[in-house]
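Single-structure report; data block below.
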Amino acid sequence: MKIRVKINGAWREDDVAPRLLLVHYLREVAGLTGTHIGCETSICGACTVLVGGQAVKSCTMFAVQADGAEITTIEGLAKDGQLHPLQQGFWEEHGLQCGFCTPGMILSAHQLLARNPHPTREEIRKGLEGNLCRCTGYQHIVKAVEYAAKASGK
Amino acid sequence: MIPESFEYHAPKNLAEATRLVGQFGADGKLLAGGHSLVPLMKLRLAAPKHLIDITGIGELNYIREEGDRFEIGALTTHFQLESSGLLKSRCPLLPETAREIGDVQVRNKGTLGGSLAHSDPAADWPAAVVALDAEMHAVSASGERRIPAKDFFVDLLATALQPEEILAAIRVPALPARGGDAYAKHCHPASGFAVVGVAARVVLDERGNLAEIGVGITGVGPKAYRPAALEEALRGKSPGRKRLEEACAHAADGVEVNSDLYASAEYRGHLAAVYARRAVEKALERASENSQIS
């Protein structure tokens with residue numbers, strides 16, 4: 001089936017099988033491997049991207065469902081060589097160790113700050129409940145999101 | 001994990017969707033959010049030949065106030081229900097239940113109708129719609145009918161919907177004066193599903209006795225149910241702590257209680273009593289606050 005999607009600001013058209021998952025489409029067809037595949041069972045959140053501004057687990061959606069939609073992946077956040085405040089926050093606050101969960105974590109945090117620009121620590125934890133990290137114990141991730149909230153508020 | 005091949009259909013309105021559902025019968029499956037169905041397809045526990053994606057049907061996505069009732073389109077997402085200011089003030093049980101479902105990403109995509117039609121015995125919504133005596137509005141190419149919540153859930157993953165029918169809307173009563181409701185859930189720590197989930201709505205009379213009570217329990221048996229003995233023990237009575245505790249001991253009476261690696265039937269039965277008490281207690285507390293205001 002023909003689909004047309006706008007990924008990180010650029011429209012593209014592809015012919016895909018209906019059973020192709022969005023995450024496989026992004027990684028293998030569009031070549032954007034920043035979106036990771038973790039559990040494949042809609043638990044871990046590593047594959048989180050924004051579709052129409054909403055955080056979704058791209059392993060639990062078919063590419064054909066995204067026809068006509070705007071998609072943001074981790075590759076779309078930095079602008080003109082400048083890290084996005086969330087990326088900067090993860091850097092400054094040591095929000096990652098192995099980095100596997102980071103792209104999904106950042107895109108979930110992106111939606112969280114879009115809905116609630118000044119979240120409390122508890123709201124940050126609730127907002128990231130769909131993303132698992134096996135390294136950091138989450139503390140530094142929460143700090144990274146706080147950093148971004150502050151940096152964006154300036 | 002790659003599902004079996006299927007043909008994809010994306011009808012733009014309800015009429016087109018009912019036609020496709022009628023045409024494909026058992027070979028077709030509705031996609032209404034996909035957060036139960038897609039994982040099942042990836043595990044190849046489900047392999048529909050035709051996937052009918054109804055999520056683009058705007059006419060099934062709404063929250064409408066109709067006098068003392070709400071009609072909610074089946075494709076309203078958990079997030080929309082969770083964040084509706086109207087529901088928070090007029091039917092707070094729904095946002096409170098929505099908030100407990102899965103995680104943020106799941107709530108963005110998952111829908112009320114999709115969850116109800118899937119009838120997972122550990123899903124959250126069945127408790128709320130059973131407690132509220134909701135009415136399910138089913139539509140097919142040849143007509144429509146309303147199914148009371150108590151008749152809607154038939155068994156594990158089975159509802160009263162016929163293969164050619166689509167669940168189009170759900171109608172629930174708004175919170176009445178001197179009413180209160182609450183959802184109390186023991187969440188499975190990994191999956192987020194309800195090990196036990198109890199929804200309660202109560203209405204007090206002028207003297208503070210329980211005029212009406214509706215309780216819905218999910219996670220405990222093969223389908224959500226109303227604990228009749230529990231409700232009977234409280235209806236018309238003054239709700240003291242001791243009476244509440246005694247009544248809630250009947251939360252799983254007559255139910256074949258589920259047992260799994262996480263919770264044995266005995267433990268789950270115990271949780272049912274504890275969470276029933278917490279839900280009813282919280283609902284009473286809110287009802288009594290609402291009585292003072294009005």
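General observations
- For chain B, average projected area of the Cα convex hull in nm²: 15.0 nm²
- Overall form of the stretch B:134-230 per C-alpha gyration tensor (a/c, 1.5; a/b vs b/c): oblate
- Neighbouring Cβ atoms from other chains, within 10 Å of the Cβ of residues in A:46-59, number 3 on average.
- Kirkwood radius, the stretch A:25-154, all distinct C-alpha pairs, inverse of mean reciprocal distance: 14.7 Å.
- Phi-derived couplings, Karplus 6.51 cos²θ - 1.76 cosθ + 1.60 at θ = phi - 60°, listed residue by residue for the stretch B:232-243: 4, 5, 10, 4, x, 9, 7, x, x, 4, 5, 4 Hz, with x used for Gly and Pro.
- Residues whose placed amide H lies under 5 Å from that of residue A:48, excluding near-sequence neighbours: A:58, A:104
- The residue list A:39, A:131, A:17 was ranked by how far each Cα lies along the charge dipole of chain A toward its positive end, using unit charges on Cβ atoms, and A:131 comes out on top.
- Cα-based reach from residue B:49 at 26 Å (exclusive), listing lysines while leaving out same-chain residues under 8 positions away: A:2, A:57, B:12, B:29, B:109
- The calculated Kirkwood hydrodynamic radius for the stretch B:1-111 is 15.2 Å, given to one decimal from all distinct C-alpha pairs.
- Shown in residue order for the stretch B:12-18 are the 3J(HN,Hα) couplings computed by the Karplus curve 6.51 cos²θ - 1.76 cosθ + 1.60 at θ = phi - 60°: 9, 9, 5, 4, 5, 5, 5 Hz (x for Gly and Pro).
- Less than 5 angstrom separates the built amide H of residue B:159 from those of B:154, all sequence-distant by 5 or more or on a different chain.
- The mean count of C-beta atoms from other chains within 10 Å of the C-beta of residues in B:212-223, rounded to a whole number, is 0.
- Whole-Hz Karplus values for the stretch B:158-168 come out as 10, 10, 6, 5, 7, x, 8, 9, 10, 6, 9 Hz, taken residue by residue from phi with 6.51 cos²θ - 1.76 cosθ + 1.60 and θ = phi - 60°; glycine and proline positions read x.
- Backbone amide hydrogens, once placed in the peptide plane, bring residue A:21 within less than 5 Å of A:63, excluding anything fewer than 5 places away on its chain.
- Here the stretch A:1-15 and the stretch B:58-77 have alpha carbon centers that stand 32 Å from each other.
- Per residue, the convex hull volume that the Cα atoms of the stretch A:85-153 enclose (Å³): 67 Å³
- The mean number of Cβ atoms from other chains found within 10 Å of a Cβ in peptide A:35-42 is 3, as a whole number.
- Note on the stretch B:7-53: the alpha carbon radius of gyration divided by the globular reference 2.2 N^0.38 Å gives 1.10.
- In the complete set of protein chains, residue-level accessible area for residue A:24 is approximately 20 Å², probe 1.4 angstrom.
- Note on the protein assembly as shown: semi-axes of the ellipsoid equivalent to its C-alpha gyration tensor, largest first and rounded to whole Å, are 38, 28, 20.
- Annotation for the stretch A:58-103 versus the stretch B:229-294: alpha-carbon center distance of 44 Å.
- Solvent-accessible surface of protein heavy atoms, probed at 1.4 angstrom with all chains present, puts B:4, B:281 in the order B:4, B:281, largest first.
- Dimensions (Å) - the stretch B:51-186, Cα atoms, principal axes, largest first: 41, 32, 30
- Exposure check, 1.4 Å probe, all protein chains in place: residue B:43 carries approximately 100 Å² of accessible surface.
- Degrees, to the nearest 10: B:265-293 long Cα axis against longest axis of chain B: 70 degrees
- In this view, the solvent-accessible surface of residue B:282, computed with a 1.4 Å probe and all protein chains in place, comes to about 80 Å².
- In the stretch B:1-159, the DSSP beta bridges split such that about 65 percent are antiparallel, to the nearest 5.
- Comparing the stretch A:2-63 with the 2.2 N^0.38 Å rule of thumb, its C-alpha radius of gyration ratio is 1.04 (two decimals).
- Mean separation of Cα pairs under 8 Å and 6 or more residues apart, divided by the residue count, gives the stretch B:49-117 a relative contact order of 29 percent.
The values are calculated or read from the model by the stated rules, or taken from the named source; none is laboratory data. Model, not experiment: these values are computed from the prediction. Ideal geometry is used to build each Cβ from the backbone, glycine not excepted, and the neighbour counts take in all protein chains shown. Side chains included, ligands, DNA and RNA excluded: accessible areas come from the protein's heavy atoms. Shrake-Rupley method; radii C 1.70, N 1.55, O 1.52, S 1.80 Å.
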